[in-house]
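Colleague: If you scroll down you'll find the structure; I have some questions about it.
Rule-based calculations on the coordinates, nothing more; no lab input. What you see is a predicted model, and the numbers here were worked out from it, not measured in a lab. Note: ideal-geometry Cβ built from the backbone for every residue, glycine included; neighbour counts use all protein chains shown.
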């Protein structure tokens with residue numbers, strides 16, 4: 001079911017005005033949310049489990065793509081971590097491994113909490129230095145590159161694309 005127009009416009013505005021760290025956090029929050037929904041659907045069981053897992057895949061792929069734009073060593077390390085999570089998601093979908101899914105979700109939740117703290121520190125730092133938020137936004141972008149990228153379709157690891165686009169909507 002599509003989101004109501006007001007909710008869709010709010011989400012679009014939130015994304016368009018978000019800083020790079022906030023976008024990263026939104027992707028992580030979406031991946032955790034859809035992963036937990038997939039986990040619950042597997043337990044019930046429900047045919048929606050694969051839909052939720054596909055959304056989780058899309059969001060983790062966006063995290064991989066965003067990290068891959070950076071030139072620094074830390075960018076490569078982050079890219080490798082997200083790529084590992086992507087492969088683990090693929091394995092748990094193939095094997096229908098609920099325990100592996102739980103492990104992936106725990107790592108995503110840990111990453112999400114780290115980004116929450118980073119966003120809070122970034123926001124506090126950008127307002128305390130006396131410069132405008134726009135000046136600090138440019139000066140304090142994280143080192144891993146261009147930020148989250150939005151993939152058109154899943155193609156990583158030889159997996160077929162199941163649907164195009166990326167949505168953070170529940």
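Colleague: At 7 Å along the Cα-to-beta-carbon direction for both residue 106 and residue 18, put a label point, then send me their distance in nm to one decimal.
Modeller: The answer from the label model is 2.6 nm.
Colleague: Under the definition of Cα pairs under 8 Å and six or more residues apart, what whole-number percent is the relative contact order of segment 1-137?
Modeller: Once divided by the residue count of segment 1-137, the mean separation gives 24 percent.
Colleague: Moving on to the next point. Between segment 1-38 and segment 51-118, how many Å separate their Cα centres?
Modeller: First find each Cα centre; the distance between them is then 16 Å.
Colleague: Mind ordering 38-45, 5-12 by average Cβ neighbours within 10 Å, highest first?
Modeller: Put in order of decreasing packing, that is 38-45, 5-12.
Colleague: Next question. Any chance you could list the semi-axes, whole Å, largest first, of the equivalent ellipsoid that the Cα gyration tensor gives for segment 19-143, using √(5λ)?
Modeller: 32, 15, 11
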